[in-house]
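Peer 1: The structure follows.
The values are calculated or read from the model by the stated rules, or taken from the named source; none is laboratory data. The structure displayed is predicted, hence computed values, not measured ones. FYI the Cβ positions are ideal-geometry reconstructions off the backbone, even for glycines, and counts take in every protein chain you see. To get the accessible areas, we keep the full protein, side chains included, count just its heavy atoms, and leave off ligands, DNA and RNA. Shrake-Rupley method; radii C 1.70, N 1.55, O 1.52, S 1.80 Å.
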Amino acid sequence: NDLALLMLDLDHFKTVNDTHGHDAGDFVLKEFANIIRGKYIRPKDVFARFGGEEFVILLTNTSLQQASETAEKIRAAVEAHAFIYEGKRIPVTVSIGVTELTAMMETSQALVKTADKAVYESKSNGRNRVTALT
């Protein structure tokens, strides 16, 4: 009964707000959520906003490998999507960290901490990428 966690962080989101305004930032967040809800979330999965521009997806019955493949599909879909606000295309990419619940993790915080570490690695290694850690 595998459980995987994806942590998604929109790249350079502050720049979107600073360049295009907060309404554009809100548009990007909603559009991003619609992309994920539309195609990548199954009925038993949990998709939630985790902070300003951070989101999490809890995937049930999903191995680390399957979760990484889903994360890569999401990453590619976001990069390819035309985010058009008031006639201007806003380039949007996402850094994703992936982990799975292991016997070594004693708390849900350990799961979140590992996913957070993975997303940090994605950002440190150039953004717009997926990093899986256990």
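Peer 1: Which members of the stretch 65-74 meet the condition of being surrounded by fewer than 18 Cβ atoms within 10 Å (Cβ to Cβ) and either out of contact with any Leu (no Cβ under 8 Å at 6 or more places or on another chain) or part of a strand (DSSP E or B) (or both)?
Peer 2: If the condition is that a residue be surrounded by fewer than 18 Cβ atoms within 10 Å (Cβ to Cβ) and either out of contact with any Leu (no Cβ under 8 Å at 6 or more places or on another chain) or part of a strand (DSSP E or B) (or both), then 65, 69, 72, 73 are the ones that fit.
Peer 1: When only residues in the stretch 75-127 that are of a type in the set (A, V, I, L, M, F, W, C), in contact with a helix residue (DSSP H, G or I) (Cβ under 9 Å, 6 or more places away or on another chain) and over 14 Å from residue 32 (Cβ atoms) count, which is surrounded by the most Cβ atoms within 10 Å (Cβ to Cβ)?
Peer 2: Among those residues, the one meeting the criterion is 98.
Peer 1: If residue 56 meets every condition in (1) over 21 Å from residue 129 (Cα atoms); (2) of a type in the set (Val, Ile, Thr); (3) assigned to a strand (DSSP E or B) apart from one, which number is that one?
Peer 2: Condition (1) is where residue 56 drops out.
Peer 1: Between a residue in the stretch 77-90 that is of a type outside the set (Phe, Trp, Tyr) and any residue that is open to solvent by 70 Å² or more (accessible area, probe 1.4 Å) and assigned to a helix (DSSP H, G or I), which pairs come within a Cβ distance under 8 Å, given they are 6 or more apart or on different chains?
Peer 2: Final answer for the pair search is 77/39.
Peer 1: So, one more: If we scan the stretch 108-116, do we find a residue that is at negative phi, without any contact (Cβ under 8 Å) to a residue 24 or more places away in the chain and of a type in the set (Lys, Arg)?
Peer 2: yes
Peer 1: Now a separate question. State which residue pairs qualify: first residue over 8 Å from residue 132 (Cβ atoms) and inside the stretch 60-72, second residue exposed (fewer than 15 other Cβ atoms within 10 Å of the Cβ) and of a type in the set (Lys, Arg) in any location, beta carbons under 8 Å apart, and separation of 6 or more residues or different chains.
Peer 2: So the pair list comes out as 60/42; 60/44; 61/44.
Peer 1: Return the residues of the stretch 1-54 that are open to solvent by 80 Å² or more (accessible area, probe 1.4 Å) and touching a Lys or Arg at 6+ places or on another chain (Cβ under 7 Å); say none if nothing qualifies.
Peer 2: Within the stretch 1-54, none qualify.
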